[in-house]
1. Out of curiosity, is GLN94 closer than 26 Å to ARG48 by Cα and without any contact (Cβ under 8 Å) to a residue 40 or more places away in the chain?
2. Could you list all residues from segment 85-105 that are under 27 Å from ARG45 (Cα atoms), surrounded by fewer than 16 Cβ atoms within 10 Å (Cβ to Cβ) and modelled with pLDDT of 90 or more?
3. Yes or no: segment 113-131 includes at least one residue that is in contact (Cβ under 8 Å) with a residue 60 or more places away in the chain and of a type outside the set (A, V, I, L, M, F, W, C).
4. GLN153 versus (1) in contact with a Phe, Trp or Tyr (Cβ under 6 Å, 6 or more places away or on another chain); (2) within 16 Å of GLN94 (Cα to Cα): which is the lone unmet condition?
5. Select from segment 29-45 the residues that are of a type in the set (Val, Ile, Thr) and assigned to a loop (DSSP other than H, G, I, E, B) and write down the one among them that is modelled with the highest pLDDT.
6. I'd like to verify a number: residues in segment 85-111 that are of a type in the set (D, E, K, R), within 18 Å of ARG148 (Cα to Cα) and either part of a loop (DSSP other than H, G, I, E, B) or out of contact with any Leu (no Cβ under 6 Å at 6 or more places or on another chain) (or both), how many?
7. For segment 60-71, check the following and say yes or no: at least one residue is modelled with pLDDT of 80 or more and either assigned to a strand (DSSP E or B) or of a type in the set (Val, Ile, Thr) (or both).
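The values are calculated or read from the model by the stated rules, or taken from the named source; none is laboratory data. It should be emphasised that the depicted structure is a prediction, and the values quoted were computed from it without experimental measurement. In this analysis, Cβ positions are derived from the backbone assuming ideal geometry, glycine residues included, and neighbour counts consider all displayed protein chains.
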Amino acid sequence: MAKDIQQDDETNLFREAVKGARPLSAPRVLHKPPAPKPIPKQFIRDERQALADSLSDDYIPAHELESGEELLYLRDGHAPDILGKLRRGHWVVQAVIDLHGLVADEARLYVAEFLADCKKRGIRCVRIIHGKGLGSRNREPVLKNKLRNWLMQKDEVIAYAQARREDGGSGAVIVLLKA
């Protein structure tokens, strides 16, 4: 019985303490953060695969402007003096990638992504270091020949030429891209 009296006293005490209180309205949400946008993982994988597939190792161009081991190429419809300017360093190299240590499949994807990025950023002249092949099995430049074919397949490539000696010589190529 003493318990019932104590409970009644506590209930009365509580009611006395809250007698002037008003119930709150429904809770308001000031700003609900927007849901994060979904990451299109499959789309990203598809784009990477399309870039890799856009460059074939088996591409044989209709004509080449190569003399011996030197890499030279000029897309049809462009002035022949572009090659001379490219070889003399007329354009400033705005971006560089180095393919040393990459196997052909990795290098192909890296080159495709690099060229796509340069196109987005409006970069016109780049240097791609492919190496001289001194570390390869037969001490021959494997990536040099593959790179030649990959670059000819890309529409954004206007021309390319072997780099000047101070820029890498026969281990690098200077590439001129469309504006």
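1. Against the criterion (closer than 26 Å to ARG48 by Cα and without any contact (Cβ under 8 Å) to a residue 40 or more places away in the chain), GLN94 qualifies.
2. Result: VAL96, ASP98.
3. Scanning segment 113-131 turns up at least one residue that is in contact (Cβ under 8 Å) with a residue 60 or more places away in the chain and of a type outside the set (A, V, I, L, M, F, W, C).
4. (2)
5. ILE39
6. 4
7. no
Condition check ((1) assigned to a helix (DSSP H, G or I); (2) at pLDDT 90 or above) across all residues:
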{"residue": "ALA79", "(1), (2)": "no, no"}
{"residue": "LEU83", "(1), (2)": "yes, no"}
{"residue": "GLU113", "(1), (2)": "yes, yes"}
{"residue": "LYS132", "(1), (2)": "no, no"}
{"residue": "SER136", "(1), (2)": "no, no"}
{"residue": "LYS144", "(1), (2)": "yes, no"}
{"residue": "LEU151", "(1), (2)": "yes, yes"}
{"residue": "VAL173", "(1), (2)": "no, yes"}
